């Protein structure tokens, strides 16, 4: 397993068909995802704007292709984490179980926003997805449509989610668990 550096945040799905219009691309329509693929994805989640070219030019569809190509080796599992504001949460992971130990360790570090978490290009914000608020301003509650509910790790190709239904539907959509 490669070290995780690029982790794309995923937001709740939106009925607005233009919700992802400016999320990424780098010159590729839908960031390199077909119109048909985007129709399926829009029902699951939308992509957060990451503000960095590394997330563009086909990086997202390449990671999804890795997942599809290796789906027979992938599983859905859960890991319990505690955030930096002592909020407990269950994280739903769709990945190769050979990576379980490292992924679980990283997710616990991301939830705590600890000093030993992996260095990533852009903030993962798992803690914000769990806390539903910023730890530096706990009085400010974030609107649900602005909270990340999932993440797509681009270096290895795997998902993790705070939302069980979206995790289950994503696993089904990508053929995870089919034999």
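The values are calculated or read from the model by the stated rules, or taken from the named source; none is laboratory data. Note that the coordinates shown come from a computational prediction; the quantities given were computed from them, not determined experimentally. Neighbour counts run over all protein chains shown; Cβ positions are idealised from the backbone, glycine included.
Data for the structure
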| read-out | value |
| --- | --- |
| Check on residue 60, buried (at least 18 other Cβ atoms within 10 Å of the Cβ) and outside any loop (DSSP other than H, G, I, E, B) | yes |
| Tally, over the range 78-96, of residues that are over 14 Å from the mean Cα position of the chain (by Cα) and surrounded by 16 or more Cβ atoms within 10 Å (Cβ to Cβ) | 7 |
| Single residue of the range 97-113 satisfying the filter (in contact (Cβ under 8 Å) with a residue 40 or more places away in the chain and under 16 Å from residue 167 (Cβ atoms)) that is surrounded by the most Cβ atoms within 10 Å (Cβ to Cβ) | 103 |
| All positions within the range 23-41 that are surrounded by 15 or more Cβ atoms within 10 Å (Cβ to Cβ), modelled with pLDDT under 75 and under 27 Å from residue 97 (Cα atoms) | 33 |
| Residues being within 16 Å of residue 8 (Cα to Cα), assigned to a helix (DSSP H, G or I) and in contact with a helix residue (DSSP H, G or I) (Cβ under 9 Å, 6 or more places away or on another chain) - total across the range 90-110 | 2 |
